[in-house]
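These notes are about the structure you will find just below.
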Amino acid sequence: MLRRDFLKGVAFTALAAGLLKRLPLGAAVKEGEACDLVAVRGKSPADMFDLAIAELGGMSAFVRKGQSVVIKPNIGWNALPEEGADTNPELVGRIVKRAREAGASKVIVFDHTCDADWVACYKRSGIRDAVEKNGGVMVTGNDKSVYREVEIKGAKVMKKALVHPALLDADVVINVPVLKNHGGATMTCAMKNYMGVVWDRRWMHKNKLEQTIADSVLIRKPDLNVVDAHLVMTHGGPTGRSARSRRVKMNSLLASKDILAIDMAAVKMLGVTMPAHRNYLEKASELKLGESDLKKLKIKRIAADKRKS
Amino acid sequence: MKKLRIFRIIISTLMFLMICAAFSGICDEAAKVCGVEFFPAFAAGSVMAIFWIILALVRGRAFCSFGCPLGFMQDVTGFLGRKLFRKKCLPQKPYRFLRYSAGVFLLVLFLFGFSSFAGFFEPFSVAGRFLNTWLRPLFQFIGNVTGLWDYSEITPVVPGVAIASAVILLLIVIAAFFRERLFCNTLCPAGFLLGVFSRIARYRLKFSDKCLRCKGCEKVCKAGCIDVENGVIDNERCVVCGNCQAVCKFSGLTVVNTFLPQSQVPEKLDRKRRLFLGGIAIAGVAAAVGKNMLKEPLGKLPCAPPGAGNVSDFNQKCTGCQLCIANCTGKVLTPAGLEYGIAGIGQPRLLPEKGFCDYNCNKCSSICPAGALTPLSLAEKKRWRVGKVTYFRERCVVVTDGEACGACAEHCPTGALDMVDYKDGLTIPKVTPELCIGCGGCEFICPVRPLRAVEVSGVAQQSLIVDPEVLQSGKKEKTPPAPAVQKSADDAFPF
């Protein structure tokens, strides 16, 4: 054996060992292969979305020409983008843009805001500007009269609910939460964000919150979930207004069709364990909303800041 | 000077539209302009009140024609009445006894701290109460139907206040249909007060030699203060509308420089004067006696808007114009019924059942035209306590149903309500009273009915809370680790 070959072999083994160590769960995905979950790190939220959606087959895999698209970000609070309480506006804007480019007939963005003045929430979060600049429209989620009552098949507790019509009428639903700690639910991410399509959240709080959160996904499973983990509120969520609140710049983004899988990954990112009484992930698993075992998923990991170009 | 009328029509229309915009809650700048209104400015002791008084001392009560929204509304119906039906303005009696009695009575009430009662007749508040309860919902409705502006939930108004505001305003504008500015020279406290000053105005209208006694001016005088027969113009009642000079083709009326109060129509005032003075004395005594009795709040004290400071002082100053209610971002302000006591009817209060005070808003304190709310900076307002939370553990869904909730802590902006470990992995709210600002977010979102598990009640004296950072560091609680910013790309994804 030549000395050079031997050295090459050692180097490859070391590299492989390193990779394996770094990626303890789930199978690594080779270039070009389809995957279930994409995790990106190291660029702006909007650019990370572009990298992620390419791995999932491009926007055209989700949006076909003439289809209507609904995007549901988290715009719960009257807060600035740097507070990390709402979804990053550039990310929402980019998704709107890509949906339009893929031929969407219209792109509607809404949230049923927690703060009373929804106009202030839309404006101050920067999302309204970003959406309208990229050819989307924003509608209010705070008008009870437009909500429609629907039966939720398969739900265990919330068997019917008043749901925002934009969601019901859309061809494509894209759920774009921001990853945050949550005082009541421990973590708010993809599934918790989906509460915003239902009118009566007080009722959900009163009737087994963890089950009703899981039930709400059955209204209409989102076709794509994009988690904004750019600036993550690790303590003192969801508003980040108290002195306890802390934020960590994770510069990451997750994307998947599977709402449960993406939340399972998000829990790991946030570094928490879901307590038994708030574990809507377990309830979602019981309802078979997705895959809860990350080992069974094909995960594509992209450290964009390490890549050349 | 013939252009005065045109000038007046333009200015008063602009003012009225601005006030409408202010009460539609769409324009902060317009809301701030409301500070020029005479009576609120008088209550606030602001420079605008002095401006209008000096103007009255120089020429007359120009405010009534230029700045008053109620005056504008009366001019509209009065104009219709004149064109459609009477064909002319009718001369009016001076009503001096009534005007002085009503004016002094309302001022005594006002000075003894019954500002809200005075607000039932003070023109800006009368207009404001009406615009807030009727025009704003109409404006929202039109926006919602046509989609021309942002959708907003139509906020229901307290029925008693809505009916009272409509009845009083309608009586005034209907009276104007028949007798034009009748209200302004009988019941209006602003008109009375400015009238007293314009009685000795330096420059005023007089008949000149060129007057032909055609009575043309009398027929367009809205205040009915021109008496051509006797050659007298009562400057105390004149609202400086400019109609008379505009209609006179012969320059029969000119503004002259004079020190002397003009001769009045003789009136037998002796008996009336005694009655009048007696009336004032009785009103004063009644107000002084009733002051504390009527101000006793019924039940728990409601939360006053931020900036009220001492709530009892606030109750004395606020005329209940409802400008803050119309502009409330959190839709939490609502006119009080008897919650502040009888004297506080119509004054704003927080009603957390309806909404909650927006953490990022300090509009109400910055626009109060009557100075009842002291302006707070946004940073101050975020730490400004208007109320205190009470948590009823036995009502809480975590205790009664053994289910996770945390909605209250989710809405708490200061960390006054926090979720702490309870049992079986459940968490339960814990109150840190020092941090509560009384915004009402927790009470608003609490899902428990009929009685909510968190309630907010007002504080008699508003003040700044302690700095949450200081409180945190003092407590040495398990502080979360400092932000660990992920810098290196070598850090793997944790999955």
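Read-outs: derived from the displayed coordinates by stated rules, not from any lab. The structure displayed is predicted, hence computed values, not measured ones. FYI the Cβ positions are ideal-geometry reconstructions off the backbone, even for glycines, and counts take in every protein chain you see.
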In units of 2.2 N^0.38 Å, the Cα radius of gyration of chain B is 1.19
Could you give P(r) for the range A:138-228, binned at 5 Å from zero, as whole percent values over all Cα-Cα pairs? 3, 14, 24, 26, 21, 10, 1
A:Asp293 paired with B:Ile200, simple spin-label distance in nm, labels 7 Å along Cα-to-beta-carbon: 9.7 nm
Calculated SAXS-style log₁₀ I(q)/I(0) at q = 0.15, 0.19 Å⁻¹ - the range A:37-100, Debye, Cα scatterers: -0.53, -0.81
Would you list A:Thr212, A:Thr273 from fewest to most Cβ contacts within 10 Å? A:Thr273, A:Thr212
Per-residue average of other protein chain Cβ atoms inside 10 Å, peptide A:249-258 -> 2
In which sequence would A:Met48, B:Met15 go, from the one with the fewest C-beta neighbours within 10 Å to the one with the most? B:Met15, A:Met48
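Taking the number of other C-beta atoms within 10 Å as the exposure measure, put B:Ser46, B:Ser125 in order starting with the fewest.
B:Ser46, B:Ser125
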Would you mind listing how long the protein assembly as shown runs along its three principal axes, going by Cα atoms, in whole Å with the largest first? 130, 54, 51
Please average, across the residues of B:399-407, the number of beta carbons from any other chain that are within 10 Å of each residue's own beta carbon, and give a whole number. 6
Where the only charges are on Cβ atoms (+1 Lys, Arg; -1 Asp, Glu), what is the dipole of the range B:291-379 about its Cα centre, to the nearest 20 debye? 60 debye
Of the peptides B:231-238, B:6-13, how do they stack up when ordered by the mean number of other Cβ atoms within 10 Å, highest first? B:231-238, B:6-13
Potential extension, B:Ala246-B:Val420 segment - 0.36 nm per residue separation minus Cα distance: 55.1 nm
Take peptide A:114-126, look around each residue's Cβ out to 10 angstrom, count Cβ atoms belonging to other protein chains, and average those counts. 5
Expressed in nm², what is the orientationally averaged projection area of the convex hull enclosing the Cα positions of the range B:128-172? 3.3 nm²
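Could you give the dipole magnitude of the protein assembly as shown about its Cα centre, charging the beta-carbon of Lys and Arg +1 and that of Asp and Glu -1, in debye to the nearest 20?
Here the size comes out at about 2160 debye.
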Run the dipole for the range B:129-210 about the Cα centre, Lys and Arg Cβ at +1, Asp and Glu Cβ at -1, nothing else charged, and hand back the magnitude in debye, nearest 20. 680 debye
Please name whichever of A:Leu270, A:Ala284, A:Ala303 sits farthest to the positive end of the charge dipole of the range A:219-309, dipole taken about the Cα centre and charges placed at Cβ: Lys and Arg +1, Asp and Glu -1. A:Ala303
Could you tell me which of rounded, prolate or oblate describes the range A:237-303, using a ≥ b ≥ c as the square roots of the eigenvalues of the alpha-carbon gyration tensor, with rounded for a/c under 1.5 and, failing that, prolate when a/b is larger than b/c and oblate otherwise? oblate
Could you go through the range B:230-245 in sequence order and give the Karplus-derived ³J(HN,Hα) for each residue, using 6.51 cos²θ - 1.76 cosθ + 1.60 with θ = phi - 60°, rounded to whole Hz, and x for Gly and Pro? 9, x, 10, 10, 7, 5, 5, 8, 5, 9, 6, 8, x, 4, 5, 5
Considering the convex hull of the alpha carbon atoms of the range B:75-165, report its projected area averaged over all viewing directions, in nm², one decimal. 9.2 nm²
For the charge dipole of the protein assembly as shown, defined by +1 on Lys and Arg C-beta atoms and -1 on Asp and Glu C-beta atoms about the Cα centroid, which residue among A:Gly237, B:Ile282, B:Leu338 has the Cα displaced farthest towards the positive pole? B:Ile282
If we sort B:66-74, A:146-154 on the protection proxy, mean other Cβ atoms within 10 Å, highest first, what's the order? B:66-74, A:146-154
When the helix-only estimate is applied to chain A (DSSP H runs of n ≥ 4, each -39,500 (n - 2.57), divided by the residue count), what is the mean residue ellipticity at 222 nm, nearest 500 deg cm²/dmol? -9500 deg cm²/dmol
How much space per residue, in cubic angstrom, does the convex hull of the C-alpha atoms of the range B:8-70 take up? 78 Å³
Highest to lowest packing among B:373-383, B:187-197, scored as the average C-beta count within 10 Å: B:187-197, B:373-383
Before rounding to the nearest 500, sum -39500 (n - 2.57) across all DSSP H runs of length at least 4 in chain B and divide by the residue total; then give [θ] at 222 nm in deg cm²/dmol. -12000 deg cm²/dmol
Per residue, the convex hull enclosing the Cα atoms of the range B:3-108 spans a volume in Å³ of 147 Å³
Based solely on C-alpha atoms, express the radius of gyration and the Dmax of the range A:69-116 in angstrom. 11.8, 34
Hey, what do the phi angles of the range A:216-221 turn into as Karplus ³J(HN,Hα) couplings, whole Hz, using 6.51/-1.76/1.60 and θ = phi - 60°, x for Gly and Pro? 4, 5, 5, 4, 5, 5
Pull up all non-local amide H partners of B:Val454: gap of 5 or more, or a different chain, and H-to-H distance under 5 Å with H placed in the peptide plane. B:Phe392
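For the range A:174-309, just say rounded, prolate or oblate: build the C-alpha gyration tensor, square-root its eigenvalues into a ≥ b ≥ c, call rounded for a/c under 1.5, and beyond that prolate if a/b exceeds b/c, oblate if not.
Taking the square roots of the gyration eigenvalues as a ≥ b ≥ c, the range A:174-309 is oblate.
Please identify the helices of chain B, taking whole runs of DSSP H, that span at least 24 Å along their own axis as judged from the Cα atoms and have a mean Kyte-Doolittle score of -1.0 or higher.
B:4-23, B:159-179, B:270-295
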Taking Rh as the Kirkwood radius computed over C-alpha pairs, what is the Stokes-Einstein D of the range B:342-381 at 25 °C in a medium of viscosity 0.890 mPa s, expressed in µm² per second? 210 µm²/s
Checked the range B:338-465 with the C-alpha gyration tensor, a ≥ b ≥ c its square-rooted eigenvalues, rounded below a/c of 1.5, otherwise prolate if a/b is larger than b/c and oblate if not; verdict prolate
